[in-house]
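What follows draws every value from the coordinates through simple rules; no lab data is involved. Just so it is clear, the structure is predicted and the values come from calculations on it, not from any experiment. Virtual Cβ from ideal backbone geometry, glycine too; neighbours counted across all protein chains shown.
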Amino acid sequence: MQEQKEDERRSESRLDEGVTILVERYAAEYDSSRPATIVVCRSLDISANGLQVRIDQSIPVGTILRLCAQFRSGRESLYVVGEVKWLRAEDDLYCIGFALYDSEQTDIIAWKELIAQRLE
C-alpha cells in the first residue's frame, strides 16, 4: 500500500535507469582526521527532481546528503544534494526516495538537462 502512495505523489516523468550512485553518509573532517564515508548503490529510477535507490543501509527520513551519479555513458559524474523523503525495507536492503535540491555548487542544472534530453 505504501508503494502505491509513493507512486501517486510522483508529479514528473521518471526514467527506469540503473545509475551508480555514491552516497556520502558522513563528510570528511576538515582536519583530515576522518575520511568521508561513502556508500555505493544503484538507482532504480531517476527524474529531474529526485531518484530512488536500493541500498544496504537504513538512512533516516529527513537526512540531507551529497550524492554523486556515475552514468554508464562515460559522461562526467554529476554531484547533487538530496533529502531522504521515504524509506522502505526490502529483505536485507532498503529502497530510499531522495528529493533533489536546487543547490549552488552542485550539478543540479546539468542533471535536469540530462533528464530532459533522455525524456525527449
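Summarised in one figure, the compactness ratio Rg/Rh of region 2-119, Cα atoms and Kirkwood Rh, is 0.96. Every helix of 4 or more DSSP H residues in the chain counts as -39500 (n - 2.57), and over all residues that averages to -5000 deg cm²/dmol at 222 nm. Ordering 107-117, 76-86, 57-67, 25-35 by mean Cβ neighbour count within 10 Å, with the highest value first, yields 76-86, 107-117, 57-67, 25-35. When its C-alpha radius of gyration is set against 2.2 N^0.38 Å (N residues), region 60-120 gives a value of 1.26.
Between amide H atoms placed 1.01 Å from N, distances below 5 Å from ASP45 occur with GLU17, GLN52, all of them 5 or more places distant or on a separate chain. Given Cα pairs under 8 Å that are at least 6 residues apart, what percent is the relative contact order of the chain? After rounding, I find 22 percent.
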